[in-house]
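One structure below.
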Amino acid sequence: MQHLLHIRTKLRNNSLVALFPVLFISLFFPGKIFSQPDLPDTIVSLWGRYRNAGNDSMRVVYLSKLAFFYNDYVEDKNKADSLADAAIRVAELSLRPDLLLFAYNSYLESTSNDDFFQKSIAYANQALQKCRITNNMEMRWRTCRNLAQVYLSKYIVANALSASSDAFLIANALKNNNMIAESYLCIGNSHEFKNQMVEAYQNYFIATDMAEKIGDRALLEKCYRQMSKFYSDNKLFDDAIEFNQKRSTIILKAKPIDSVALMWINLDLQFIEVRQHIGLNVKNVKEIIDFAIRKRHNRMKAWEFALYRKSLLESDEVVMLYNFYKNSYPDEFEKLFYTDTEMYYRLKAYFTELEKKPDSASYYFRKAEQLVVGSSGMSGIYKSNFYIRYGQFLVRQGHNREAIEKFTRSYKLGEEDAFFGKFEYMLTASRHLEKLYRELGDYKNAWHYASMNLWISDSINTITKNDRIMAEAVKRERSLKEIGAERDRQKIRQGKNERNMMAGGVVFFIIVSLLVYRNYRSQKRLNALLDESKRQSDHLLLNILPHETAEELKATGKASAKRYDEVTVMFTDFKDFTQASERMSAEELVAEINFYFTEFDTIISRHNIEKIKIIGDSYMCAGGLPVANETHAYDVVAAAKELQKFMMAQQKERNSQGRSCFELRIGIHTGPVVAGVVGLKKFAFDIWGDTVNTASRMENAGEPNKVNISGETHEKIKDRFKCIYRGKIAAKHKGEIDMYFVE
């Protein structure tokens, strides 16, 4: 009743704008708006400030801050979403575009983009539209940066890289070094998600170097955190620890010291230890958990419990985990039922088995399985791991046939997941299946999984080798960057020394200084000429060959041919080009072809595709080389769609002007090729194999303004693009081929 009287008073005394967030939040949190003793003091204080806010700007600010703390401290994603939404409603009713832009971006920065992805994308696009209308470049940069993070939350890397690049261009136009540095971080994130680790490191290094020169502590701490995470992900743990220590130094210099930030660094260091398969110190674990409980920082507490659980379960220390919960945190274990029910049932299954209660353990495994099956948010490898544990339990109880069913499910779930870590779970499941089938006398299935064991082991070895190669490449890149930075510092010191010598006032030293200076300038001019010559030769070589091939050629004097097990090749061709060329002069024809192919070069560069060659009016390129990747088919199809979009825009423009225009056919096929450099003079990078021939046939069988792909390519991209099956179509010297048009 008092709550309703409070609302009536608001209706009498305040405008609808002032009341709206109170009404909105009341629907979700009745009776708990201004009195929440279970929240951190900061949140209680923010509620008080919100209640006493005298204008819409302050209401939006406090609602946005509350959303951040509910998401970051309390880990209540739904409440954070509702509060950030309320801030947007207040801004909308205020009729102030600047306040609405602030609210949109605060939503993107204070909520879980992964859980509210579609809403986040909608708000980001609305913010960009407002930015274009108001010409607010600072907010446009902020929106592009946030939009990149939203796309990365769902691993939509191409869109993230595009948004990051837009942010970089805006930051450059504004000449804002802080924004430029943050844009480099965003671009680095996109490359890292694309598994382009050297490119990611280059962007992170530039951002960090800029932050160190600027001296902004918040920006520098963000850069050091990103560098630490990057090194940890690439298993360069000493470097990761080094940058965490740099983060600690920055935080300790600030007054007052942020104890929460220091504790997060401690947790990050523990994460590195887990990745190194080093057991966590239980004393340190308890320090972080007790600190989080005192601060009522639910997110930190949940992360530390999850990390310690992961460490103990991976090392099969279930007894230690049982004692940890039972003796130290029994209440926290019971709370787990409400925050992570599936994990609660899993642990109950482990613990009741330890207590010699197999029937109870079986009951809890079944309860957990119901949640695992019904969850759309769990990853495939998480589910795969669950079924391995379930199968191992059934083996211990002597239920081998039931165990086979669980291990088979684990294997298939791992097989369907796109994450590289799946092979570890597939191998464990496969080994169990081989053993169980052999014990049952089913040698056919036993042999099948034995062969799978060999294949998976080879895959793991290949990934491990590639990881080592990538780590070495990153280390080399860091060495080069640090050498360059040291050279710059030496130049600065050298300049200072020269100025000190010139300030002596003694004629002899003045003369010597002038001689040194003249020599320095001569050397500098010589170095500049050499650098310019090298730059021009490198630029010329990179226009002919891919970067990796060019580096190999410079280092060894030759470039060896390489086999690629899977790339995606694209051919394009202009319809009726021969007839059109007869109506043009030589100069007009060259200018026209140059116009189109220049834009083609720009488009494929954005999609990480290598141009191979041009044959007349035919344009040939390929994805997945010279550096192999898993996204080549998606990259090439996305580029093909952009090519057709460009061509159709040209057709529309030229038709309106009464000018002739070309129509484009595109054919795409995926398969193995051999790539290398041919010739001694005017050498060129080229690819060979049946895949190239088939891609050419796909172009011949295509239609103008369409993207024609083979069945092999369709298998790679069918989850990302909608396609229309054309049926089996005859291709010269290839028989009938399954073909699809990409919509």
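Can we say residue 598 is in contact (Cβ under 8 Å) with a residue 40 or more places away in the chain and at negative phi? Please lay out each step first, then the result.
Numbers: in contact (Cβ under 8 Å) with a residue 40 or more places away in the chain: no; at negative phi: yes.
Criteria not met by residue 598.
Residues in the range 204-221: is at least one of a type in the set (A, V, I, L, M) and in contact with a Lys or Arg (Cβ under 7 Å, 6 or more places away or on another chain)? If you could, list the steps in order and put the result at the bottom.
Here is the first cut: in the range 204-221, the ones of a type in the set (A, V, I, L, M) are 206-207, 210-211, 214, 218-220.
Filter once more, keeping what is in contact with a Lys or Arg (Cβ under 7 Å, 6 or more places away or on another chain): none.
Within the range 204-221 (the criterion being of a type in the set (A, V, I, L, M) and in contact with a Lys or Arg (Cβ under 7 Å, 6 or more places away or on another chain)), the answer is no, since none of the residues qualifies.
Could you tell me which residue of the range 715-733 is surrounded by the fewest Cβ atoms within 10 Å (Cβ to Cβ), considering only residues that are assigned to a loop (DSSP other than H, G, I, E, B) and without any contact (Cβ under 8 Å) to a residue 24 or more places away in the chain?
Selected residue: 719.
I need the full set of residues from the range 47-60 which are surrounded by fewer than 20 Cβ atoms within 10 Å (Cβ to Cβ) and modelled with pLDDT of 90 or more, in order please.
Of everything in the range 47-60, those that are surrounded by fewer than 20 Cβ atoms within 10 Å (Cβ to Cβ) and modelled with pLDDT of 90 or more turn out to be 55, 57, 58.
Which ones in the range 600-627 are in contact with an Asp or Glu (Cβ under 7 Å, 6 or more places away or on another chain), assigned to a strand (DSSP E or B) and surrounded by 20 or more Cβ atoms within 10 Å (Cβ to Cβ)? Full working, then the answer.
Just the residues of the range 600-627 that are in contact with an Asp or Glu (Cβ under 7 Å, 6 or more places away or on another chain), to begin with: 603, 607-609, 611-613, 617-618, 621-627.
Next, only the ones that are assigned to a strand (DSSP E or B) stay: 609, 611-613, 618, 621-623.
If the condition is that a residue be in contact with an Asp or Glu (Cβ under 7 Å, 6 or more places away or on another chain), assigned to a strand (DSSP E or B) and surrounded by 20 or more Cβ atoms within 10 Å (Cβ to Cβ), then 609, 612, 621, 622, 623 are the ones that fit.
Go through (1) within 21 Å of residue 245 (Cβ to Cβ); (2) surrounded by 19 or more Cβ atoms within 10 Å (Cβ to Cβ); (3) of a type outside the set (Lys, Arg); (4) modelled with pLDDT of 90 or more for residue 234 and report which single condition fails.
If we test residue 234 against (1) within 21 Å of residue 245 (Cβ to Cβ); (2) surrounded by 19 or more Cβ atoms within 10 Å (Cβ to Cβ); (3) of a type outside the set (Lys, Arg); (4) modelled with pLDDT of 90 or more, just (4) comes out false.
Consider the range 117-148. How many of its residues are among the aromatic types (Phe, Trp, Tyr) and farther than 17 Å from residue 88 by Cβ?
From the range 117-148, those among the aromatic types (Phe, Trp, Tyr) are 117, 123, 141; that's our starting set.
Imposing the further condition that a residue be farther than 17 Å from residue 88 by Cβ reduces the set to 141.
Looking only at that region, the number is 1.
Pick from the range 650-682 the residues that are among the aliphatic types (A, V, I, L, M) and either closer than 14 Å to residue 600 by Cβ or not assigned by TED's automatic domain parsing to the domain that holds residue 572 (or both): which of them is surrounded by the most Cβ atoms within 10 Å (Cβ to Cβ)? I'd like the intermediate steps shown before the answer.
Applying the first criterion (among the aliphatic types (A, V, I, L, M)) to the range 650-682 yields 664, 666, 668, 673-675, 677-678, 680.
Retained after the next criterion (residues that are either closer than 14 Å to residue 600 by Cβ or not assigned by TED's automatic domain parsing to the domain that holds residue 572 (or both)): 664, 666.
Working: 664: 26, 666: 29.
Of everything passing the filter in the range 650-682, 666 is surrounded by the most Cβ atoms within 10 Å (Cβ to Cβ).
Across the range 209-254, what is the total count of residues that are within 17 Å of residue 267 (Cβ to Cβ) and small (Gly, Ala, Ser)?
The qualifying residues number 4.
Can you confirm whether residue 218 is small (Gly, Ala, Ser) and under 23 Å from residue 276 (Cα atoms)? Outline the logic, then answer.
Details: small (Gly, Ala, Ser): yes; under 23 Å from residue 276 (Cα atoms): no.
So residue 218 does not fit the description; no.
Looking at the range 206-221, can you tell me whether even one residue there is out of contact with any helix residue (DSSP H, G or I) (no Cβ under 7 Å at 6 or more places or on another chain), surrounded by fewer than 19 Cβ atoms within 10 Å (Cβ to Cβ) and closer than 23 Å to residue 71 by Cβ?
Yes; the residues of the range 206-221 include at least one that is out of contact with any helix residue (DSSP H, G or I) (no Cβ under 7 Å at 6 or more places or on another chain), surrounded by fewer than 19 Cβ atoms within 10 Å (Cβ to Cβ) and closer than 23 Å to residue 71 by Cβ.
Return the only residue of 173, 167, 158 being among the aliphatic types (A, V, I, L, M) and either in contact with a Gly (Cβ under 7 Å, 6 or more places away or on another chain) or crowded, with 22+ Cβ neighbours inside 10 Å (or both).
Values: 173 fails: either in contact with a Gly (Cβ under 7 Å, 6 or more places away or on another chain) or crowded, with 22+ Cβ neighbours inside 10 Å (or both); 158 fails: either in contact with a Gly (Cβ under 7 Å, 6 or more places away or on another chain) or crowded, with 22+ Cβ neighbours inside 10 Å (or both).
The match here is 167.
Cβ-Cβ under 8 Å, sequence separation 6+ or interchain: first residue in the range 148-177 and among the basic types (Lys, Arg), partner surrounded by fewer than 17 Cβ atoms within 10 Å (Cβ to Cβ) and outside any helix (DSSP H, G or I). Which pairs?
What qualifies is 154/114.
If residue 191 satisfies every condition in (1) part of a helix (DSSP H, G or I); (2) surrounded by fewer than 19 Cβ atoms within 10 Å (Cβ to Cβ) but one, which is the exception?
Going through the list (1) part of a helix (DSSP H, G or I); (2) surrounded by fewer than 19 Cβ atoms within 10 Å (Cβ to Cβ), residue 191 breaks only (2).
Among the listed residues 644, 657, which satisfies the condition of being free of Cβ contacts under 8 Å to residues at least 40 places away in the same chain, over 19 Å from residue 197 (Cβ atoms) and out of contact with any Cys (no Cβ under 7 Å at 6 or more places or on another chain)? Walk me through it before giving the result.
On the way: 644 fails: free of Cβ contacts under 8 Å to residues at least 40 places away in the same chain.
Checking each option against the conditions leaves just 657.
Can you work out which of the residues in the range 597-627 that are acidic (Asp, Glu) and touching a helix residue (DSSP H, G or I) at 6+ places or on another chain (Cβ under 9 Å) is farthest from residue 165 (Cα to Cα)? Before the answer, list the steps.
Of all residues in the range 597-627, those acidic (Asp, Glu) come to 599, 601, 610, 617.
This time we only want the ones that are touching a helix residue (DSSP H, G or I) at 6+ places or on another chain (Cβ under 9 Å), so: 599, 610, 617.
Working: 599: 18, 610: 20, 617: 31 Å.
Result: 617.
Of the numbered conditions (1) over 36 Å from the mean Cα position of the chain (by Cα); (2) under 21 Å from residue 613 (Cβ atoms), residue 736 fails exactly one; give the number of that condition.
Residue 736 satisfies all of (1) over 36 Å from the mean Cα position of the chain (by Cα); (2) under 21 Å from residue 613 (Cβ atoms) except (2).
List every residue pair whose Cβ atoms sit under 9 Å apart, with the two residues 6 or more apart in sequence or on different chains, where the first one lies in the range 450-472 and is closer than 15 Å to residue 433 by Cα and the second, anywhere, is at pLDDT below 80.
Correct list of pairs: 456/423.
With 368, 429, 450, 403 as the choices, which residue is touching a helix residue (DSSP H, G or I) at 6+ places or on another chain (Cβ under 9 Å) and closer than 30 Å to residue 327 by Cα?
Unique residue meeting the criteria: 368.
Does residue 689 satisfy the criteria of being without any contact (Cβ under 8 Å) to a residue 24 or more places away in the chain and touching a strand residue (DSSP E or B) at 6+ places or on another chain (Cβ under 8 Å)?
Values: without any contact (Cβ under 8 Å) to a residue 24 or more places away in the chain: yes; touching a strand residue (DSSP E or B) at 6+ places or on another chain (Cβ under 8 Å): yes.
Yes, satisfied.
The values are calculated or read from the model by the stated rules, or taken from the named source; none is laboratory data. Just so it is clear, the structure is predicted and the values come from calculations on it, not from any experiment. In this analysis, Cβ positions are derived from the backbone assuming ideal geometry, glycine residues included, and neighbour counts consider all displayed protein chains.
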